[in-house]
Amino acid sequence: MSARAYVLLAAGGSAALLLGALGFQYLGGYPPCPICIWQRWPHLLAVLIGVLALWQPAPLVIGLGALCALATSAIGVYHTGIERSWWPGPDSCTGGGPDLGGLSGADLLSTKDVPRLVMCDQVAWQFAGLSMASWNAVFSALLVALWVAAYLKARNMR
């Protein structure tokens, strides 16, 4: 298989994972937590890098795609650890946020403009014992392997 074919599979995989996340959000009714959003950015960059690498399959460009896939996989592992209480997550999305003592009773009871808060340490959906964050980590690790294969092919072509 050529370097471009591996790039197409890797970037297409990131695009599919992004579309899947958006499907869960908008069709399935599972709004993302802040860390879920963090996991989407490297996928978007990987897709953009993939488009560039299809046009110019330079090893450096392909290596950047691999780093993006590795980053989103690492964020997925981090998020999984928070969900499973292996380590603490950010106070802003795990229930350990700032004290509510500074708010008035009216502020606490107000229903005006209340955003839906999605906690990072709560599993909203799982399959086969793995959460969405865990599945993202697994699939993104597979994408890293595709990017590395593309990198090796591109490097050997030079």
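The values are calculated or read from the model by the stated rules, or taken from the named source; none is laboratory data. Everything quoted here is computed from the prediction, not taken from an experiment. Here Cβ is always computed from backbone atoms with ideal geometry, including for glycine, and neighbour counts include all displayed protein chains.
Summary of computed values
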read-out	value
Filter result (over 14 Å from residue 140 (Cβ atoms), aliphatic (A, V, I, L, M) and part of a helix (DSSP H, G or I)) within region 5-34	5, 7, 8, 19, 22
Some residue of region 5-20 being touching a Phe, Trp or Tyr at 6+ places or on another chain (Cβ under 6 Å) and small (Gly, Ala, Ser)	yes
All positions within region 60-84 that are touching a Phe, Trp or Tyr at 6+ places or on another chain (Cβ under 7 Å) and buried (at least 19 other Cβ atoms within 10 Å of the Cβ)	62, 65, 66, 69, 75
Residue that is surrounded by the fewest Cβ atoms within 10 Å (Cβ to Cβ) [pool: residues in region 1-37 that are in contact with a helix residue (DSSP H, G or I) (Cβ under 8 Å, 6 or more places away or on another chain) and hydroxyl-bearing (Ser, Thr, Tyr)]	2
Residue in region 38-53 that is surrounded by fewer than 19 Cβ atoms within 10 Å (Cβ to Cβ) and not in a helix (DSSP H, G or I) present	no
Index of the failed condition, residue 13 passing every other in (1) out of contact with any Asp or Glu (no Cβ under 9 Å at 6 or more places or on another chain); (2) farther than 20 Å from residue 147 by Cα	(2)
Residue 154 being surrounded by 12 or more Cβ atoms within 10 Å (Cβ to Cβ), within 19 Å of residue 17 (Cβ to Cβ) and modelled with pLDDT under 95	no
Pick from region 90-133, criterion of a type outside the set (A, V, I, L, M), closer than 21 Å to residue 21 by Cα and modelled with pLDDT of 90 or more, ranking: surrounded by the fewest Cβ atoms within 10 Å (Cβ to Cβ)	129
